[in-house]
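In what follows, a single structure is set out as structure tokens and then discussed.
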Amino acid sequence: MVFGMENVMNKAADITDIKQEIIRLKKEKDVLILAHYYVDGDVQEIADFVGDSFALAKRAETVEQQTILFCGVSFMGESAKILNPSKKVLLPDLLADCPMAHMVTTEQIAAMRREHPGIAVVCYVNSTAEIKAVSDVCVTSSNAVKIVKKLGNKEIYFVPDKHLGHFVAEQIPEKTIYFNDGFCPVHDAIKLSELTAEKEKHKGALVVIHPECSSELIALADYTGSTKEILEYVKSSASMEFIVLTEAGILYELQKNNPDKRFYFTESIPICNDMKKITLEKVYASLLTMEHEVIMTEELIREASASLMKMLQLAAE
Ligand code: SF4
């Protein structure tokens with residue numbers, strides 16, 4: 001069955017049929033679908049590989065198919081293109097973008113380098129290709145501490161996320177870390193009062209938290225880690241109840257892996273509206289038309305690849 005474009009946008013379209021069509025089309029067109037844990041469960045279900053930023057970057061590097069369809073926000077599509085430039089990379093929605101990726105500028109970095117000549121610029125993977133191009137090394141939330149420790153530089157400028165920067169700094173007190181004032185609007189919005197309310201309601205539950213949250217919340221958590229690390233921690237824990245302080249898309253994988261455990265989110269429920277722009281209908285439309293390609297100049301790909309490649313190399317050592 002082939003859907004016309006009008007039908008694709010029709011909410012009455014049968015989800016099961018769309019999923020089957022996506023599976024047929026990706027084979028026919030030699031496309032590998034990568035998806036981040038924060039996209040909707042329906043989208044995760046049709047993906048060939050689901051992961052956090054680090055796992056997705058590693059997977060993108062070795063894709064053999066002609067095309068990568070990246071179900072995530074724009075910096076993730078850019079990273080896939082940088083790591084595997086001969087492939088066509090498609091995004092289901094070019095407007096799905098991470099606000100934090102734009103919270104630091106190349107001018108700020110140049111000014112810090114002038115002020116502190118020996119500094120290493122460490123950029124969180126949630127940054128634009130232009131920022132990666134002027135950074136020394138890229139990191140993800142799962143390898144930031146390990147990589148900053150390994151750098152020879154005593155002074156570090158950590159961009160763009162202030163919360164992840166502070167989390168890293170607390171564990172590496174021997175280094176001087178300068179922070180940028182960027183933040184993830186989704187994690188930053190989780191309030192201390194919401195956490196204390198959940199702790200009051202679920203007294204035996206363990207608190208797991210992503211380091212994009214503020215340090216006052218991290219101080220009350222039982223475990224701090226990246227999305228993948230939280231998933232591993234919950235799976236191996238004997239506890240049956242968890243208060244989860246990260247984007248709610250993680251629930252799909254948490255429930256899949258731990259059907260008997262219970263998960264609670266804060267009352268305002270952390271949802272990334274940009275990740276939720278990736279719908280099954282848009283995935284299907286993108287596969288059908290092979291549209292929304294990530295376009296970057298060869299020069300930008302070359303300049304941005306050094307910091308990403310250095311991350312993969314240091315993380316593997
Ligand atoms: S959850 Fe936060 S950091 Fe992740 S894409 Fe959304 S806005 Fe960006």
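The values are calculated or read from the model by the stated rules, or taken from the named source; none is laboratory data. Being a predicted model, the structure only gives us computed values, none of them experimental. Cβ atoms come from the backbone with ideal geometry, glycine included; neighbour counts cover every protein chain shown.
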Check your understanding: Among S236, S214, which is the only one that is farther than 30 Å from R113 by Cβ, out of contact with any Phe, Trp or Tyr (no Cβ under 7 Å at 6 or more places or on another chain) and of a type in the set (G, A, S)?
Key -> S236
**Study point:** Odd one out for K276 among (1) at pLDDT 95 or above; (2) farther than 28 Å from N143 by Cβ; (3) within 16 Å of the ligand (Cβ to nearest atom)
**Key:** (2)
Check your understanding: Of all the residues that make up segment 259-284, how many are more than 19 Å from T224 (Cβ to Cβ), surrounded by 14 or more Cβ atoms within 10 Å (Cβ to Cβ) and of a type in the set (S, T, N, Q)?
Key -> 1
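Out of the residues in segment 85-109 that are charged (D, E, K, R) and under 25 Å from A189 (Cβ atoms), state the one that is farthest from the ligand (Cβ to nearest atom). Give the derivation first.
At the first step, the residues of segment 85-109 found to be charged (D, E, K, R) are 87-88, 93, 97, 107.
Within this subset, residues satisfying the condition of being under 25 Å from A189 (Cβ atoms) are 93, 97.
Working: D93: 13, D97: 8 Å.
If we take residues in segment 85-109 being charged (D, E, K, R) and under 25 Å from A189 (Cβ atoms), then D93 is farthest from the ligand (Cβ to nearest atom).
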**Study point:** Output for segment 233-281, where each listed residue is closer than 11 Å to D40 by Cβ and among the basic types (K, R)
**Key:** K276, K277
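Per-residue answers, yes or no, for (1) of a type outside the set (A, V, I, L, M); (2) under 16 Å from the mean Cα position of the chain (by Cα); (3) on the phi > 0 side of the Ramachandran plot; (4) within 14 Å of the ligand (Cβ to nearest atom):
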site: V134; (1), (2), (3), (4): no, no, no, no
site: K146; (1), (2), (3), (4): yes, no, no, no
site: A169; (1), (2), (3), (4): no, no, no, no
site: S193; (1), (2), (3), (4): yes, no, no, no
site: K201; (1), (2), (3), (4): yes, no, no, no
site: I209; (1), (2), (3), (4): no, yes, no, yes
**Study point:** Single condition I271 does not satisfy, out of (1) more than 12 Å from the ligand (Cβ to nearest atom); (2) assigned to a loop (DSSP other than H, G, I, E, B); (3) in contact (Cβ under 8 Å) with a residue 60 or more places away in the chain
**Key:** (1)
Check your understanding: Restricting the search to segment 239-256, which residues are among the polar types (S, T, N, Q), away from the ligand (no atom under 14 Å from the Cβ) and within 16 Å of Y38 (Cα to Cα)?
Key -> Q255
Review point. If you take the residues in segment 180-225 that are among the β-branched types (V, I, T) and part of a helix (DSSP H, G or I), which one is surrounded by the most Cβ atoms within 10 Å (Cβ to Cβ)?
Key: V186
Check your understanding: Does any residue of segment 83-95 turn out to be assigned to a helix (DSSP H, G or I) and under 12 Å from the mean Cα position of the chain (by Cα)?
Key -> no
**Study point:** Matching residues, segment 48-69, being within 13 Å of the ligand (Cβ to nearest atom) and either in contact (Cβ under 8 Å) with a residue 60 or more places away in the chain or more than 15 Å from the chain's Cα centre (by Cα) (or both)
**Key:** D52, S53
